[in-house]
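Asks: Shown below is the structure under consideration.
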Amino acid sequence: MSNRTLVSEQRKYLVLNVQAARKIARVWLERAHLENVVGFGLPEVDDRYHIWRVPLLNNSSQEKVGEVVIDAYTSLILEDKSTSPQVLEARLLGRTEKARRTSDRPKDTYMLSALRNTIAQGDAEEVLQELPAESVDLIFTSPPYYNARPEYTDYISYEEYLLKIRKILHHCYRVLAEGRFFVMNISPVLIRRANRNQASKRIAVPFDVHRLFIEEGYDFIDDIIWEKPEGAGWATGRGRRFAADRNPLQYKPVPVTEYILVYRKHTEKLIDWNIRAHPDKRLVEESRIGDDYERTNIWRIKPAHDPRHPAVFPLELAERVIRYYSFKGDVVLDPFAGIGTVGKAAVMLGRRFVLIEQNPRYVSIIREEAKSWLGKEACTILTINCPPIKTDDILL
């Protein structure tokens, strides 16, 4: 038996072998409902570009109809380099290139999402793959902090944390409707020193996450500064040494801001198209913003506190984002739902919600809170990996 080290092992790829590449490609085929008519050729690793190529074959003729391209480092499917399900279907049915081009012409209107209010328990990376493509109109979330507090799960490394965020952005891109917005509340984090001989470390998470958004195909739109009341950041301990000694080089300002980063799923269409092509003009008109809107990119909002969760963002923040970046009747997704603030704001503003949360305790809170948001209609919520909300659990 040969002890020769594989190239994939030398490069420290996440996708190490043919079996792993096929498994990832099969999940992609199942998502497109093509697993019964399309099979695989022999996957090959291209270490020049750090990708795996998985040939796709017509099960009947064994002719190649396309390929799936997988990022070897992250295990993510590169949708822009892979053959699209629409093209695969056309080739399997023997349609011509001309017919495909005709069917791909821009439409004057688009379909509204059929998703109903949804609560899902589980890892967002997995749950997102079960949602229909382009079924969400707005994504607003605040991802878990990287090792900032003991309440959060520690990642082995910052690189592992960023990889997880990248995978969420990747799967969100598929479920987000064309030209619609992904808004993220995020801030630098302070890693406290282990002992007095070490320095604390502040990590500029927003700037690393911005790079991930761009690499995953989103267009940057705006940076909004969420400013908290003076003194809100003193609990971090930052700035106390300078306040006591006043020595140069020791100056560290107390953080009282966070970022609200706004991105749009890439499209050649202008934002006006999303407004003009909306099939329900009444909802568009009812969604218009009044004269009391926030005119600058500095939003002054008091932080929220809830003993049930260590890091909730204010309901007012969720309300502003939902008002400014969605229409009434839209579907708003939060892949890191916490105790469901985004869902509550969505219902208040006439939108639907999709809330994904991994912690069973928080999911229980969301399910209970949803009864006060929707009353008897809470029994119509789609629940995934958690018990349904029963009508007789809800008080009139």
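Asks: Pull out a ≥ b ≥ c, the square roots of the eigenvalues of the alpha-carbon gyration tensor of the range 302-368, then state rounded if a/c is under 1.5, prolate if not and a/b is larger than b/c, and oblate in the remaining case.
Replies: Values: a/c = 2.31, a/b = 1.38, b/c = 1.67.
Oblate.
Asks: I need the chymotrypsin sites (Phe, Trp or Tyr not before Pro) found in the range 246-343, filtered to DSSP loop residues with at most 12 other beta carbons within 10 Å of theirs.
Replies: Details: sites: Tyr251, Tyr259, Tyr263, Trp273, Tyr293, Trp299, Tyr324, Tyr325, Phe327, Phe336; in loops: Tyr251, Tyr293, Phe327, Phe336.
Listed in order of number, the matching sites are Tyr251, Tyr293.
Asks: Continuing with the same structure: Would the range 246-396 count as rounded, prolate or oblate if I go by the C-alpha gyration tensor, calling it rounded below 1.5 in a/c and otherwise prolate when a/b exceeds b/c, oblate otherwise? Walk me through the intermediate numbers first.
Replies: Values: a/c = 2.09, a/b = 1.15, b/c = 1.82.
Verdict is oblate for the range 246-396.
Asks: According to the Cα gyration tensor, what semi-axes, each the square root of 5 times an eigenvalue, does the equivalent ellipsoid of the chain have, listed from largest to smallest in whole Å? Numbers along the way, then the final one.
Replies: On the way: eigenvalues 283, 183, 88 Å².
They are 38, 30, 21 Å, listed from largest to smallest.
Asks: Have a look at Leu14, Pro43, His33 and report the one farthest towards the positive end of the charge dipole of the range 7-101, computed about the Cα centre with Cβ charges (Lys/Arg +1, Asp/Glu -1).
Replies: The residue sitting most towards the positive pole is His33.
Asks: In debye, nearest 20: dipole of the chain around its Cα centre with unit charges on the Cβ of K, R (+) and D, E (-)?
Replies: Numbers: 59 positive and 55 negative charges, 151 e Å.
Rounded to the nearest 20 debye, it is 720 debye.
Asks: Report, ordered by chain and residue number, the lysines lying within cross-link reach of Lys23, taken as a straight Cα distance under 22 Å and ignoring same-chain residues fewer than 8 apart.
Replies: Hits, sequence-local ones excluded: Lys12, Lys64, Lys81, Lys164, Lys167.
Asks: Can you give the longest run of the chain that contains no GluC sites (Glu not before Pro) sitting in a DSSP loop with at most 12 other Cβ atoms inside 10 Å? Display every interim value, and only then the final one.
Replies: Values: sites that count: Glu63, Glu151, Glu230, Glu268.
For GluC sites (Glu not before Pro) (loop position, at most 12 other Cβ atoms within 10 Å), the longest site-free span of the chain is 269-396.
Asks: Between Ala277, Ala25, Ala72, which gets the highest mean-square fluctuation from a Gaussian network model of the chain, Cα cutoff 10 Å?
Replies: Ala277
Asks: Given the -39500 (n - 2.57) contribution per DSSP H run of 4+ residues, what per-residue ellipticity at 222 nm results for the chain, rounded to the nearest 500 deg cm²/dmol?
Replies: On the way: 13 runs with 119 residues, N = 396.
So the calculated ellipticity at 222 nm is -8500 deg cm²/dmol.
Asks: Mind checking which aspartates and glutamates have their C-alpha under 17 Å from Lys390, skipping anything on the same chain fewer than 8 residues away?
Replies: By straight Cα distance, Lys390 reaches Glu368, Glu369, Glu377.
Asks: OK, next. Setting aside same-chain residues fewer than 8 positions from Lys281, which lysines have a Cα under 18 Å from its Cα?
Replies: Lys107, Lys328
Asks: Please report the antiparallel percentage of the DSSP beta bridges confined to the chain, to the nearest 5. If you can, show how the numbers build up before the last one.
Replies: Numbers: 33 of 54 bridges.
Bridges in the chain are about 60 percent antiparallel.
Coordinate-derived values only; no laboratory data. Keep in mind the model is a prediction, meaning the values are calculated, not measured. Note that we place each Cβ from the backbone using ideal geometry, even for glycine, and neighbour counts take in every protein chain shown.
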